[in-house]
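Before any comments, here is the structure.
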Amino acid sequence: MLNFFITHVSYHYAPSLIKLLKQIGEEKIRIVGCSSMPLGESSGSMLVDKFYQAPHSKNENEYINFLKEICKKESIHILFSGDENVLSVLSKRKKEFNSLIVTPETKIFQIFCDKYIACNAINQLGILTPKIIISKNELYSYNKAIARDRISCGSRGIKIIEKKDFHKINICCNGKFFIQEFINGREYTVDIFSDRSGTPVLIVPRERVAIRNGISYKCKIEHNTKLIEISKMICDKYNMPAFSNIQFIIDNKTDDIYFIEVNPRIGATSIATSLVSVNLAELFINHFHYKKKLDSFEYYMKQVKWGAFVSRYYETIIHFPNI
């Protein structure tokens, strides 16, 4: 039996990952999960075989000690997280665990968790990013702008500013936020699965057709060779084993591709890529735990059902704590 431990089962990625794990038929997989929310207050807590309420991950030592205790108690083979802050900590401290933990190097999180540093780093690769605005005079040449928190996760921390409100903006790239030009275009997330060296074996762009609270609920799988090429270029420079995703926006008028951000983790809607290609949870276990060799990039790309439209829907789970 394989014991698989998932942190933050209250996050959107977790129920989808649990479903993928349960579809693997070759071996019995026991799924342990944790969250700072109590049992029953998230659907993920009801889908695992064993649930633990965790301390808040902001307290690093307390949280890491909690994870180590559960890994030992439950004989965990694989510890998996979809939280960037926890992955960043685990990248530095995974040698303290006997369980398998797959993360990029710490420097990857240092670059991509700061969106200002990330945009400048990607720009140096010759990849377009929305222009960073550094003066009030420059700002007033636009009708809209984007205010972005420097430290943020996913699509959070992004606010559209109309011209009538420009007078409220303090232009300061060294503070907690920075200003970028507004690009009117189509948003894309590119799901990437890479081998242990960080070399991609699957790159799947999907257009974010309908978005709620930063999460795409409808998406179209698109064989966009330019997005695939740019994503591969980023991965060649910044090695990210296993799951990662990159967000772009394509200008409606010019079709220019602009980099938005890299997320060195599994995406909330990465289930879409698994549904139209291969079970990435199974691929993850086979390659990283059992050390099986992966097939070629060309092989996995041929498995993708390009043009597929994926929509998400709600299922209902009820917890009766007093019964």
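The values are calculated or read from the model by the stated rules, or taken from the named source; none is laboratory data. Because the structure is predicted, anything quoted here is derived from the model rather than measured. When we count neighbours, we look across all protein chains shown, and the Cβ atoms used for this are built from the backbone with ideal geometry, even at glycine. Surface areas here come from the heavy atoms of the whole protein model, side chains and all, with no ligands, DNA or RNA. Shrake-Rupley method; radii C 1.70, N 1.55, O 1.52, S 1.80 Å.
Taking all protein chains together and rolling a 1.4 Å probe, Glu229 ends up with roughly 130 Å² accessible. Counting only protein heavy atoms and a 1.4 Å probe, the chain has 50 square angstrom of accessible area per residue.
With the whole protein complex present, Val209 retains an accessible surface near 70 Å², based on a 1.4 Å probe.
Where the accessible area of the chain is counted over protein heavy atoms with a 1.4 Å probe, how much of it, in %, is carbon and sulfur?
Details: 7750 of 16000 Å².
The C+S portion of the solvent-accessible surface of the chain is 48 percent.
Shape class of the stretch 225-308 from the Cα gyration tensor (axes a ≥ b ≥ c, square roots of the eigenvalues): prolate, since a/c reaches 1.5 or more and a/b is larger than b/c.
Once you have a ≥ b ≥ c as the square roots of the Cα gyration tensor eigenvalues for the stretch 133-235, tell me rounded if a/c is under 1.5, and otherwise prolate or oblate according to whether a/b is larger than b/c. Can you show the working numbers first?
Details: a/c = 2.38, a/b = 1.91, b/c = 1.25.
The shape class here is prolate.
Sorting Lys292, Lys50, Lys253, Lys92 by accessible area puts them as Lys253, Lys92, Lys292, Lys50; the probe is 1.4 Å, largest comes first, and only protein heavy atoms count.
Secondary-structure-derived ellipticity at 222 nm for the chain, considering helices only, amounts to -7500 deg cm²/dmol, per-run term -39500 (n - 2.57) for DSSP H runs with n ≥ 4. Counting only the backbone N, which residues of the stretch 196-240 are under 17 Å from the spot 7 Å out from the Cα of Ser311 toward its beta-carbon? Of the residues in the stretch 196-240, 207-212, 216-221 have backbone N under 17 Å from the label point off Ser311. For the stretch 77-137, the set of chymotrypsin sites (Phe, Trp or Tyr not before Pro) satisfying both a DSSP loop assignment and a count of at most 11 other C-beta atoms within 10 Å is empty.
Sorting the Cα pairs of the chain by distance into bins of 10 Å, from 0 upward, gives 5, 25, 33, 24, 10, 2, 0 percent per bin.
Counting heavy atoms of the protein chains alone, His77 has an accessible area of about 70 Å² for a 1.4 Å probe. Projecting the Cα atoms of Val278, Tyr238, Thr225 onto the charge dipole of the stretch 219-323 (Cβ charges, centred on the Cα centre) puts Val278 farthest toward the positive pole.
Restricting to DSSP loop positions (anything but H, G, I, E, B) with no more than 12 other Cβ atoms inside 10 Å of their own Cβ, which trypsin sites (Lys or Arg not before Pro) remain in the stretch 97-174? Spell out each step's value before the answer.
Working: sites: Lys107, Lys115, Lys131, Lys136, Lys144, Arg148, Arg150, Arg156, Lys159, Lys163, Lys164, Lys168; in loops: Lys131, Arg150, Arg156.
For trypsin sites (Lys or Arg not before Pro) across the stretch 97-174 that sit outside H, G, I, E and B with at most 12 neighbouring Cβ atoms in 10 Å, the list reads Arg156.
The overall shape of the stretch 180-323 is oblate: from the C-alpha gyration tensor, with semi-axes ordered a ≥ b ≥ c, the ratio a/c is 1.5 or greater and a/b is no larger than b/c.
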